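Heads up: the structure comes next, in structure tokens.
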Amino acid sequence: RQRVRAMFYHAYEHYLESAFPYDELRPLTCDGQDTWGSFSLTLIDALDTLLILGNVSEFQRVVNVLQEGVDFDIDVNASVFETNIRVVGGLLSAHLLSRKAGVEVEAGWPCSGPLLRMAEEAARKLLPAFQTPTGMPYGTVNLLHGVNPGETPVTCTAGIGTFIVEFATLSHLTGDPVFEDVARKALKALWKNRSDIGLVGNHIDVITAKWVAQDAGIGAGVDSYFEYLVKGAILLQDKELMSMFLEYNKAIKNYTKFDDWYLWVQMYKGTVSMPVFQSLEAYWPGLQSLIGDVDNAMRTFLNYYTVWKQFGGLPEFYNIPQGYTVDKREGYPLRPELIESAMYLYRATRDPTLLELGRDAVESIEKISKVDCGFATIKDLRDHRLDNRMESFFLAETIKYLYLLFDPDNFIHNDGSDFDVVVTPYGECVLSAGGYIFNTEAHPIDPAALHCCSKRREEHWEVEDLMREFYSRKKTKKFTFKRTPDHSEGENAKEPEDASSEKAGEKRNSKKSSHSLLSCPSQSFNSKLAVLGQVFLDNT
């Protein structure tokens, strides 16, 4: 754990000294470069990692720096996908962790705050990309002018289906449904256009919905679409999203799985098109653990671990039959996916083999990648040549998952025994109780926060009617009962008082109630639910 902490600060401090305010550090030349849009991206991506390492003072300093220095009104062509997962996701996570980090939050938090406003501003810059006939977004948008004329309509599957975690969180915190709506529409468009055998391809035309690249698999170009169906289902307690993933999972097992490896196949025929393992696929065992398929997850993980031990890292492509790298795909840019799966599986199994992977990763990265100004991308795992780049995900994901693997008592692993109660404009709210959902850039989202900033009108009525019944039984005096305004209801939120309020309650109670007044509403999501990598069934 201490070695991982030292790795973080070696990289982070050199970014601040040599690269800030550029997006990324160039560790071989000790300078910086803009890569994804000129947002000081490494600083945003590393922010929640600072808190996970316990550095509250630097977290607070960086929050102030970002508020003063980041501007999204710029004439830059930005990746819709990358801006969402790194910028929107990083700002949302930091916003929800601000109170824990000792930041003096404004009244109304977590339903308001400067980082939330920044996340919303960034997300609004992405919305023009979703204005297509299919609802599937373009891959690139200009932050000042919207989608450029002549922009290619071809987008990868992951670039369409990786928004529901961040956008639904935004909608729940701000009360504006547009973000969740466009994310859901994009997810459903992909589902609608799957093949007859239940698979999706790699790239699709967002105007015509025609598949341009018809390779189906779990890796690059597709990966986080499947991840977000599962994580979106858990975050939002959404049976539909989970059922969609489980249907895909059947097709993936039927057509792409061979001896605990996953190959690439033609999406319409199921015939093998590429017998390769991609390093980006290494997230899959962690995802399997979240749905309770731990045995299969461990078998696949151990296959991937053999590749790591062969090279001291995961090459971008690995030819499974030949047992070697693929030409021009021999590099390892310090990706987190295998370490991510190790962290999830260790939470589920406590298998010491997973700690061994973590130790191997620390030693490999330090031995091969460490240079005077940070950690460099490994250009070729065969001869350990380096490239002059340190991607922001190294601090956002790789270091974070390594640290969490070796820190079982971290607040992220909270089992619910510790929590905070905060007062919002909508009443008291429990936060920081655990069950964090990591976005695909490893930014943790507290699922409880999604219930802090609004209440469904029916639920509000049920509580109000329950209180009215309680007080009416006491028969001590007449009460005036006012409902907390729900801004999402506009003028309909005006509260009737006294007798008029009682009449309103009678009208509502005259309708058939979905459940007993004195019972809690049952959860709508009754599939397997994973908390911190541990799987529970709803009947236990």
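The values are calculated or read from the model by the stated rules, or taken from the named source; none is laboratory data. Model, not experiment: these values are computed from the prediction. Cβ: placed from backbone, ideal geometry, glycine included. Neighbour counts: every protein chain shown. For the accessible areas, the whole protein counts, side chains as well, though only heavy atoms, and no ligand, DNA or RNA atoms are used. Shrake-Rupley method; radii C 1.70, N 1.55, O 1.52, S 1.80 Å.
List of remarks:
- In the range 373-392, the qualifying residues are those that are open to solvent by 10 Å² or more (accessible area, probe 1.4 Å), within 29 Å of the chain's Cα centre (by Cα) and not hydroxyl-bearing (S, T, Y), and the one that is nearest to G312 (Cα to Cα) is K379.
- The range 1-18 - residue that is of a type in the set (D, E, K, R) and closer than 20 Å to V62 by Cβ and, of those, least open to solvent (accessible area, probe 1.4 Å): R5
- Restricting the first member to the range 199-210 and to residues that are farther than 19 Å from E247 by Cβ and free of Cβ contacts under 8 Å to residues at least 12 places away in the same chain, and the second to residues that are in a loop (DSSP other than H, G, I, E, B) and open to solvent by 10 Å² or more (accessible area, probe 1.4 Å), the beta-carbon pairs closer than 9 Å and six or more apart or on different chains are K210/N193.
- F20 being assigned to a loop (DSSP other than H, G, I, E, B), within 25 Å of Y403 (Cβ to Cβ) and in contact (Cβ under 8 Å) with a residue 24 or more places away in the chain: no
- For the range 172-186, the set of residues classified as under 18 Å from the mean Cα position of the chain (by Cα) and either buried (at least 24 other Cβ atoms within 10 Å of the Cβ) or not in a helix (DSSP H, G or I) (or both) consists of L173, F179, A183, A186, listed by residue number.
- Some residue of the range 401-423 being in a strand (DSSP E or B) and under 29 Å from T325 (Cβ atoms): no
- Sole exception among (1) within 19 Å of I399 (Cα to Cα); (2) open to solvent by 50 Å² or more (accessible area, probe 1.4 Å) for T29, by number: (1)
- Residues of the range 306-336 that are in contact with a Pro (Cβ under 9 Å, 6 or more places away or on another chain) and either assigned to a helix (DSSP H, G or I) or of a type in the set (A, V, I, L, M) (or both): V307, I320, V326.
- First in the range 382-395 and touching a residue at least 24 places away in the same chain (Cβ under 8 Å), second anywhere and of a type in the set (F, W, Y) and part of a strand (DSSP E or B), Cβ under 8 Å, 6 or more apart: M390/F375; F394/F375
Rundown of residues vs (1) among the aliphatic types (A, V, I, L, M); (2) in contact (Cβ under 8 Å) with a residue 24 or more places away in the chain; (3) crowded, with 23+ Cβ neighbours inside 10 Å, yes/no style:
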{"residue": "E58", "(1), (2), (3)": "no, no, no"}
{"residue": "D71", "(1), (2), (3)": "no, no, no"}
{"residue": "I74", "(1), (2), (3)": "yes, yes, no"}
{"residue": "N77", "(1), (2), (3)": "no, yes, no"}
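- All of (1) open to solvent by less than 50 Å² (accessible area, probe 1.4 Å); (2) under 22 Å from S79 (Cβ atoms); (3) of a type outside the set (D, E) hold for P21 with one exception: (1).
- Total residues in the range 34-65, condition in a helix (DSSP H, G or I) and within 13 Å of Y9 (Cβ to Cβ): 4
- Among the residues listed as K100, K125, the single one being open to solvent by 50 Å² or more (accessible area, probe 1.4 Å), in contact (Cβ under 8 Å) with a residue 40 or more places away in the chain and either closer than 18 Å to W211 by Cα or not hydrophobic (A, V, I, L, M, F, W, C) (or both): K100
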